[in-house]
Amino acid sequence: MSFDFSTAMVLMVFLSGLIWAVDSLLFAARRQATALDGNVRLPMLVDYARSFFPIFLVVLLLRSFLVEPFRIPSGSMVPTLLVGDFILVNKFQYGIRLPAINTKIIELGVPQRGEVVVFRYPVDGTTPYIKRVIGVPGDHVAYRGRQLWINQQLVANVDMGPFIGVKSASMQTGGRHLIEQLPGQPHDIITMPDAYSFDWEGTVPPASYFVMGDNRDNSRDSRFWGFVPDENIIGRAFFIWMNWDHGPDLSRIGSHIH
């Protein structure tokens, strides 16, 4: 179990509920009976626990089982996601997991090729990462000379011309803007012809996924540190609700992530 926000929320729900329950069972009746004017004053700790318990519980349930917000800190998913995008992640599409211990208790679905997923970085098991699923269990994936092959089939690209970035994405200006025709999920990518391209080839093992950033030459992904185990999956990124990168970008608010 890693100590993160979910763990903290579980502890706060437990402690506030425990304080409220112990007071109700052991002290509330005595306090009521000894009140001289009928106006019972709760101890400050009990008052706070009773007030915040439902708030903590609602936040825990929403973030653990429905949606969780994240902020994009890097440009590895440009042009799909930009630095400063605030996104929402669907927590139940890939199954219901218990908070803090991350054990899946209900199977609802699995990541599909082309979906953008948030997961815990396999190297440390805690840091949230976001990438696109390129290979699912059993797929043979090859990336050679900036060309993607899946199960010995070349994935075609449509060249959209030079990429022109703004704000933090301006570093990618001059790269090639392509639409990668991944089966079932065509999506935008960027390649930098003058950068070093890291090639890779292998077969995705069971209950694991091969992921890559859409900014192909500026992404540390499965080519470098390996596969993402299913137990590390947090959820599917689906919505941009705000962007702040040296100021707001209103055009990105309400965008769906494809």
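Read the figures in this text as sums done on the coordinates, not as results from a lab. Bear in mind that the values here come from a model prediction, so they are computed numbers and not experimental data. Cβ: placed from backbone, ideal geometry, glycine included. Neighbour counts: every protein chain shown.
Just a few scattered comments:
- Counting only DSSP H runs of at least 4 residues, each contributing -39500 (n - 2.57), and dividing by the residue count of the chain, the helix-based mean residue ellipticity at 222 nm comes to -6000 deg cm²/dmol.
- Stokes-Einstein translational diffusion, the chain - Kirkwood Rh over all Cα pairs, 1.306 mPa s, 10 °C, in µm²/s: 77
- Using C-alpha pairs below 8 Å separated by at least 6 residues, the relative contact order for the stretch 85-162 is 16 percent.
- Relative pair counts by distance (%), Cα atoms of the stretch 5-65, 10 Å bins: 22, 42, 23, 11, 2
- For the stretch 144-201, relative contact order (Cα pairs under 8 Å, six or more residues apart, normalised by length) works out to 31 percent.
- 0 to 90° range, to nearest 10: angle between helix 5-22 axis and the chain longest Cα axis: 10
- Farthest positive-ward along the chain dipole, Cα basis, beta-carbon charges - from Ile164, Tyr143, Ser51: Ser51
- Leading residue at positive end of dipole, the chain (Cβ point charges), from Ile96, Met192, Phe14: Phe14
- If only the Cβ of Lys and Arg carry +1 and only the Cβ of Asp and Glu carry -1, the dipole of the stretch 1-133 around its Cα centre is close to 160 debye.
- When only the Cβ of Lys, Arg, Asp and Glu is charged (+1, +1, -1, -1), the dipole of the chain relative to its Cα centre reaches about 520 debye.
- Relative contact order of the chain, defined on C-alpha pairs under 8 angstrom at six or more residues apart (%): 21
- Among the chymotrypsin sites (Phe, Trp or Tyr not before Pro) in the stretch 139-210, those located in a DSSP loop and surrounded by at most 14 other Cβ atoms within 10 Å of their own Cβ are Tyr196, Phe198.
- Spatially proximal lysines relative to Lys104 (Cα-Cα < 19 Å; intrachain offsets below 8 disregarded): Lys91
- Compared with the dominant Cα axis of the chain, that is its longest principal axis, helix 44-65 is turned about 30°.
- Residue of Ser170, Ser208, Ser76 that the Gaussian network model of the chain assigns the largest fluctuation, springs spanning Cα pairs under 10 Å: Ser170
- Separation between Cα centres of the stretch 209-251 and the stretch 44-70, rounded to whole Å: 28
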